[in-house]
Amino acid sequence: MNSLALSFVFALPLAAGAAVGTVHKDFSAAGITQLAVSSVDGDIAITPGAAGTIGADMTYDAEKCELTAETRGKTVFLEARRKKRWQFFSFGSKDEPCAKFDIKVPAGLDLNPVSVSGDLKVEGVNGPVTGKTVSGDAAVSGSAGLSLTTVSGDLEFSGAAGKISLKTTSGDISGGISSSGDVEARTVSGGISLKVLKTAAKGFFSLGTVSVDVKLFFPKGAKAATTFHSVSGDQNNNIINDPEAGLKINVETTSGDLALNGTAQ
């Protein structure tokens, strides 16, 4: 049975006339495998911290917002939500966010940040990251397993390893892959530009966009079984196309150009 180790619903005692305050909470990371963060319209930043501790600075508007911080079994859960009377006013405003989070975590923790209109930034965590936003941007470095989803924001990443999934509607996707043979990147009206530092012996790359270009860079001498589909865009492939190769690459676009380059740029 999961035990509730620590739970708070914050209502900060702010100074007279003050509307915005910051609260800091430390959680023991012993036995914790996951951090889940949810913010309606504020930014979420996660960076490496001391081993054994998860530390969170949460800045919020006490008149409009409530914070929850608790452990749920092996998960530390942080949430900012609007009070009922404010749910339909200034919703998603980036000028007056409900709350923002600055969190430090031990390496290797499974991270799940979610924001509606805020940005997500995760740096050097060396663990799996699953991030979602509607209109905010997402930037991640040093992940071991990566899934990012947004509607109108851009997705940027570097030093990604493990399984990678990137999906947006109107934003761009760009990043660097340290080692992975399982990559999916999809966008409708944004572009895709990926740089692979080490070619996987086997795996599958699936990239697709409707109206913008797709660029994929590999180290010199890379080989793969490649398939291109474009209705009206140009196609350029200068890596070694080997139908028997263990690495398969499928790239699709309607009106954008496709470029697969064998020298990382």
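Laboratory data are not the source of any read-out in this text; all were calculated from the coordinates shown. The structure displayed is predicted, hence computed values, not measured ones. Neighbour counts run over all protein chains shown; Cβ positions are idealised from the backbone, glycine included.
If you take every residue apart from A29 with its C-beta less than 11 Å away from the C-beta of A29, what net charge results, scoring Lys and Arg +1 and Asp and Glu -1?
Values: positive: K74, K104; negative: D26.
For residues surrounding A29, the net value is +1.
If contacts are Cα pairs under 8 angstrom and at least 6 residues apart, what is the relative contact order of the chain in percent?
12
When the dipole is taken about the Cα centre of the stretch 161-251, and only Lys, Arg (+1) and Asp, Glu (-1) are charged at their Cβ, what size is it in debye, to the nearest 20? Provide the component values of the computation, followed by the final result.
Numbers: 10 positive and 7 negative charges, 55 e Å.
I would put it at about 260 debye.
Let me spell out the model: positive unit charges on the Cβ of Lys and Arg, negative unit charges on the Cβ of Asp and Glu, origin at the Cα centre of the chain. What dipole size does that give, in debye rounded to 20?
That gives the chain a dipole magnitude of about 540 debye.
Tell me whether the stretch 137-265 comes out rounded, prolate or oblate; compute the Cα gyration tensor, take square roots of the eigenvalues as a ≥ b ≥ c, and use a/c under 1.5 as the rounded threshold.
Oblate.
Just the number, please: percent antiparallel of the DSSP beta bridges in the chain, rounded to the nearest 5.
Taking every DSSP beta bridge with both residues in the chain, the antiparallel ones total about 25 percent.
Only loop residues by DSSP count here, and only those with at most 10 other Cβ atoms within 10 Å; note down the chymotrypsin sites (Phe, Trp or Tyr not before Pro) in the stretch 145-239 that meet that.
Listed in order of number, the matching sites amount to none.
Suppose R0 equals 22 Å. What FRET efficiency, 1/(1 + (r/R0)^6) with r the Cβ-Cβ distance, do S211 and K163 give to the nearest 0.05?
Working: r = 27 Å, r/R0 = 1.23.
FRET efficiency, S211 to K163: 0.20.
Projected onto the charge dipole of the chain (+1 at Lys/Arg Cβ, -1 at Asp/Glu Cβ, origin at the Cα centre), which of T226, T149, A51 gives the Cα projection farthest towards the positive end?
Looking along the dipole axis, the top candidate is A51.
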